[in-house]
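The values are calculated or read from the model by the stated rules, or taken from the named source; none is laboratory data. Remember, it's a predicted structure, so these values are computed and weren't measured experimentally. Cβ atoms come from the backbone with ideal geometry, glycine included; neighbour counts cover every protein chain shown.
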Amino acid sequence: MSASVNPIDRPAILSRGRWAQLRVLTRQELRLRATGLWSLPPLLLAFGPTFLLLFIVVVKHLFGPGDSAQEIVGGLADWRQAFAEVFHSLMLRVCVFFGCAAVFLNSFRSAVAGRYLHYSYLSPLRRELVVAAKYLSGLIFTGIAFMLGSLTMWTAAHLDGPLGETLPALFSAQGLRLGLTYAGISFLGCLGYGAVFLALGLRFKNPIFPTLFLMVWESINLFLPAGLQKLSIIHYLQSLGPIPAKTQLISVVAAPTSAPVSIIGLLLVTMGLLWLSMRWARGMELDYGSDA
Amino acid sequence: MSTDPRELILFQEVSKFYGEVLGINRVSLSIPPGITSLVGPNGSGKSTLMNLMTGLLHPTVGRISVRGTATDDPERLHRLVGYCAQPDTFPPAATGLSFVAGFLEICGLGRRAAQLRAEETIDQLGLSDAAGRKVAAYSKGMRQRIKLARAIAHDPPVLVLDEPLNGLDPMARAEVIALFRRWGAGGRHLIVSSHILHEVDLLSDQVILMNQGYVVAEGDIQGVRGEMTRHPLQIVVRCADPRPLAARLIGADSVTDLQLHADGGGFFARTRDPEGFYRLVQDAVLQEGLILETVMPVDDDVGAVYQYLIGEA
Ligand SMILES: Nc1ncnc2c1ncn2[C@@H]1O[C@H](COP(=O)(O)OP(=O)(O)OP(=O)(O)O)[C@@H](O)[C@H]1O
Ligand SMILES: [Mg+2]
């Protein structure tokens, strides 16, 4: 221990702009996310559909040599229709939903459960920035994972069937555009669900029930009156699908909202939820209960 | 004494309730710069008061300002305040260095400058050797010191420490107390809590005594010292072969009484001068290469001092 450094003589630390603080915080949050095994489940969800498709391709190859894709679903158009259904029902409704739940619900909860959130709240920064950094780091993580997952899923789907026909289709301008569109929809899914789950994780000590409610709400979406259908994230994500998912269910499907309106709507909902989360974080009290 | 709110920590009729449970009740304080200790038994509201002062809790009623800054403005408040809170937990995978440097980067230093300053601060607390190791693998005393390093790294004029001496061995304790003395000089605020009056009274400019959520006495309390001399501090020492150490201590001025434990693995000593006592123990350790398991004040005799003060105040 050296007594030589007299703290009073050290230069004062100048304050830093909020953007710089946000950058530092986000980097720290990302590093935190990279530690431990907890990032594994969302990654499994992101690439699960790809593996599922690959598995189906392999099984068909091994056990059903005569069963080409065309025999089952007809031409490329029909077959891409099938992809749209799987993408919506599996990737968006299950994988993105639960992947975001896993990542964003825990943004604050793990820091409270691990009793280290106070270090953020005891730093010279606005709590709004803590919320923003947790959201951004989660969005970077899930966004990249699910965009890549969607692209690999799109690619894997093209390995089925006569490759001489499907591979050119994959790499055609239209094929690439469709693939990127799906990746973009996954990203918007992370954007919207991320904000929802961040808010739920901040607001509720036990967010299981709100999450279940949300899950039910998003999945019974199709049975709801057209007006209510628009009060969900999934409606807008579906509206953005390049190939509308046909649904066999007997229900009134709300007319898909146009792409610009969907995107703006999602952005507005996201911003609203972030604003709420920031307010809650500001008012939050932190003492981890009386047994500290 | 100054009455400029920019130099004081002010509590105006502050109460904090946790639902029905009382945290602190109608506390009004005006704390001048210097070393102030906050003393009270478990559950008396020390941590509550400190959490309010640092904005982690919001008062149910009343107003608080720290050197003229409201506690609901963390961006400004935490430039002024370093707080070493009670929980002994850390972000996962943090090393001593990343823990302190990360904080300094948020404060506004570049990565390299933050690194250097963190190393310097960690060195000040005698933790250089462990700086690159995971905090999770630190001992209790090392964790206490790395928290302290983070609290002082940005040189805040107000330092708030919740039970900072907990878990420190005599040598670290003496060094940390020396650091407090340096820190408390020069117009800064240093607020230290403890449930052991003897530990902090001697280094404090003023003492705030708390009990059951109330401030029961405040200021440079006459009689505290006298009362403490009547009730010397009892310290328990445990080590494999206590006899040589006991023999050295029994003749010292600062030791009033010494009792070997029946199992031969330690002793109780009473002292009116804990710092002198710790110095003696430390010398003995250095000269004779003893390995101590525990050196710790026993709190039960503090009860007598409380009884006296709380009864009279
Ligand atoms: N989150 C909480 N919920 C309910 N009661 C609480 C909470 N935190 C503290 N309390 C109560 O408030 C009172 C004061 O607690 P506080 O932690 O401030 O005491 P303390 O003096 O710091 O005690 P210790 O020496 O044990 O740290 C106690 O009665 C405690 O039970
Ligand atoms: Mg406490």
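Condition check: among the aromatic types (F, W, Y) and more than 9 Å from chain A (Cβ to nearest Cβ). Does B:F17 satisfy that?
Yes.
Would you please name the residue that is modelled with the highest pLDDT, looking only at residues in segment B:281-313 that are buried (at least 17 other Cβ atoms within 10 Å of the Cβ) and of a type in the set (V, I, T)?
B:V281
For B:R145, indicate whether it is of a type in the set (D, E, K, R), buried (at least 19 other Cβ atoms within 10 Å of the Cβ), away from ligand 1 (no atom under 16 Å from the Cβ) and within 14 Å of B:G96 (Cα to Cα).
For B:R145, the condition - of a type in the set (D, E, K, R), buried (at least 19 other Cβ atoms within 10 Å of the Cβ), away from ligand 1 (no atom under 16 Å from the Cβ) and within 14 Å of B:G96 (Cα to Cα) - is met.
Please enumerate the residues belonging to segment B:240-261 that are more than 21 Å from B:I196 (Cβ to Cβ) and in contact with a helix residue (DSSP H, G or I) (Cβ under 9 Å, 6 or more places away or on another chain).
Those that are more than 21 Å from B:I196 (Cβ to Cβ) and in contact with a helix residue (DSSP H, G or I) (Cβ under 9 Å, 6 or more places away or on another chain): B:P244, B:L245, B:R248, B:D253, B:L260.
Give me the pairs: first residue in segment A:103-121 and free of Cβ contacts under 8 Å to residues at least 24 places away in the same chain, second residue hydroxyl-bearing (S, T, Y), beta-carbon distance under 7 Å, and six or more apart or on different chains, which are they?
A:G114/B:T89; A:Y116/B:T89
State whether one or more residues within segment B:29-37 are within 16 Å of ligand 1 (Cβ to nearest atom), closer than 16 Å to B:V160 by Cβ and in contact with a His (Cβ under 8 Å, 6 or more places away or on another chain).
Yes, there is a match, as at least one residue in segment B:29-37 is within 16 Å of ligand 1 (Cβ to nearest atom), closer than 16 Å to B:V160 by Cβ and in contact with a His (Cβ under 8 Å, 6 or more places away or on another chain).
List the pairs whose first member sits in segment B:186-213 and is closer than 13 Å to B:L165 by Cα, whose second member is among the charged types (D, E, K, R) and within 16 Å of ligand 1 (Cβ to nearest atom), and whose Cβ atoms are under 7 Å apart, counting only residues at least 6 apart or on separate chains?
Short answer, once both residue conditions are applied: B:S193/B:K46; B:S193/B:D162; B:S193/B:E163; B:S194/B:E163; B:H195/B:D299; B:I196/B:D299.
Within segment B:20-43, how many residues turn out to be within 13 Å of ligand 2 (Cβ to nearest atom) and at pLDDT 90 or above?
3
Since B:G43 meets every condition but one in (1) more than 13 Å from ligand 1 (Cβ to nearest atom); (2) within 12 Å of chain A (Cβ to nearest Cβ), which condition does it not meet?
Of (1) more than 13 Å from ligand 1 (Cβ to nearest atom); (2) within 12 Å of chain A (Cβ to nearest Cβ), only one is false for B:G43: (1).
Would you point out the residue of segment B:48-76, among those that are part of a helix (DSSP H, G or I) and within 16 Å of ligand 2 (Cβ to nearest atom), that is surrounded by the most Cβ atoms within 10 Å (Cβ to Cβ)?
The extreme case among them is B:L49.
For segment B:6-24, name all the residues that are touching a residue at least 24 places away in the same chain (Cβ under 8 Å) and over 11 Å from B:I64 (Cα atoms).
Passing the criteria: B:R6, B:E7, B:K16, B:F17, B:L22, B:G23, B:I24.
Suppose we filter segment A:158-168 for residues that are part of a helix (DSSP H, G or I) and under 18 Å from A:K60 (Cβ atoms); how many remain?
Qualifying residue count, segment A:158-168: 5.
Give me the pairs: first residue in segment B:147-172 and at the interface with another protein chain (Cβ under 9 Å from one of its Cβ atoms), second residue hydrophobic (A, V, I, L, M, F, W, C) and within 15 Å of ligand 1 (Cβ to nearest atom), beta-carbon distance under 6 Å, and six or more apart or on different chains, which are they?
What qualifies is B:A151/B:C84.
Determine which single condition A:P242 fails, assuming it passes every other condition in (1) modelled with pLDDT of 85 or more; (2) within 22 Å of A:F83 (Cβ to Cβ); (3) surrounded by fewer than 18 Cβ atoms within 10 Å (Cβ to Cβ).
Of (1) modelled with pLDDT of 85 or more; (2) within 22 Å of A:F83 (Cβ to Cβ); (3) surrounded by fewer than 18 Cβ atoms within 10 Å (Cβ to Cβ), only one is false for A:P242: (1).
In this structure, does B:D88 turn out to be within 16 Å of ligand 2 (Cβ to nearest atom), modelled with pLDDT under 95 and of a type outside the set (A, V, I, L, M)? Show your work before the answer.
Working: within 16 Å of ligand 2 (Cβ to nearest atom): yes; modelled with pLDDT under 95: yes; of a type outside the set (A, V, I, L, M): yes.
Taking the combined requirement at face value, the residue satisfies it.
If you take the residues of segment B:77-127 that are more than 23 Å from the chain's Cα centre (by Cα) and at the interface with chain A (Cβ under 7 Å from one of its Cβ atoms), which of them is surrounded by the fewest Cβ atoms within 10 Å (Cβ to Cβ)?
Residue satisfying both the conditions and the ranking: B:A93.
Go through segment A:30-46 and count every residue that is in contact (Cβ under 8 Å) with a residue 12 or more places away in the chain and surrounded by fewer than 18 Cβ atoms within 10 Å (Cβ to Cβ).
Final tally of qualifying residues: 5.
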